[in-house]
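Readers should treat all values here as calculations from the given coordinates under stated rules, not as data from a laboratory. What you see is a predicted model, and the numbers here were worked out from it, not measured in a lab. In this analysis, Cβ positions are derived from the backbone assuming ideal geometry, glycine residues included, and neighbour counts consider all displayed protein chains.
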């Protein structure tokens, strides 16, 4: 075991404090990563505040991790010391079920092992990226291509793949009209990726306050959902809507925006159940779906795609001492567009 510095919270809504945690000794296939940056995802807040159920405390969140390889196990072949690497939302899976064998480890039938708030194969709780180092099996480590700086790459490990996966699965590309609901940490990456894929992109936001940013990121159109005419004006417009917000929405209104065989995909996960009227779906053979992150293979594909197209997250870099403040600002929608913790401040 080795001691490393981290920021942890000891109870739901308790403040974060600098502490020391233990990382396992390297196994033959393990990689020791010196973390440079860790993005703050809204999932971190939901978990730390137990809005999604009981959490394992003390809790070290963080599943948007970027850094460099500091040490490798004796059987590691994929990475060498000094390589630029990342870790996303999972650090293991059963590797044997049909979903894992298909490269969809995020949907492991036995449950993937989360980067934090989970129990690893060693029987110990996993600790995430709000720390200086992490030890991960090489099969769950991603290579960060040259051309993407580590700070803007970190959020790609969750926000980037969370949007890339459904956009690819539902065929966003030339000739397709795609709407992104919400221009936050997830949504701004959705706009960038959908635009790079060649789709016609519309942002649906509560107000027009972020219109200039949305158009800069690649949106073709920007509408305020608070405008009473928006839903009527856009009825039957979209092949795909990706909903990134974590709050209740008038689903019937959003389904009305789908054309024949259109799909609305939820990647935002509000803690409360959503009301879905069947007759908002049935008449135009519309679909409502969910999606979460992507497998390791697709996540690497996403990183390579972002490097090819010069895409990265829009970030505000903070210190470890600013985590609590950042949480409050995220809940208040006061960030453009992702907080990233600089672990050098630890």
Everything considered on the Cα gyration tensor (a ≥ b ≥ c; rounded for a/c under 1.5, else prolate if a/b is larger than b/c, else oblate), segment 204-252 must be described as rounded
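Please report the projected area of segment 227-345's Cα convex hull averaged over all directions, in nm².
On the way: hull surface 41.4 nm².
Computed as one quarter of the Cα hull surface, the answer is 10.3 nm².
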Once the piece of chain linking residue 274 and residue 24 is laid out straight, how much longer is it, given 0.36 nm per residue of separation minus the C-alpha distance between them?
85.9 nm
Classify segment 160-290 as rounded, prolate or oblate from the Cα gyration tensor: take a ≥ b ≥ c as the square roots of its eigenvalues, call it rounded if a/c is under 1.5, otherwise prolate when a/b beats b/c and oblate if not.
rounded
Residue span residue 57 to residue 119: 0.36 nm per residue of separation minus Cα-Cα distance leaves a gain in nm of 21.1 nm
Once you place label points 7 Å from the Cα toward the Cβ at residue 336 and residue 227, how far apart are they in nm?
1.9 nm
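If r is the Cβ-Cβ distance from residue 78 to residue 319 and R0 is 25 Å, what FRET efficiency results, to the nearest 0.05?
Numbers: r = 32 Å, r/R0 = 1.28.
The pair residue 78/residue 319 has a calculated efficiency of 0.20.
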Quick check: the distance between the Cα centres of segment 159-209 and segment 273-346, to the nearest angstrom?
11 Å
Going by the alpha-carbon gyration tensor, a ≥ b ≥ c the square roots of its eigenvalues, is segment 5-115 rounded (a/c under 1.5) or, if a/c is not under 1.5, prolate (a/b greater than b/c) versus oblate?
oblate
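If each DSSP helix of 4+ residues adds -39,500 (n - 2.57) and the sum is divided by the residues in the chain, what number results at 222 nm, nearest 500 deg cm²/dmol?
Helix-only estimate at 222 nm: -5500 deg cm²/dmol.
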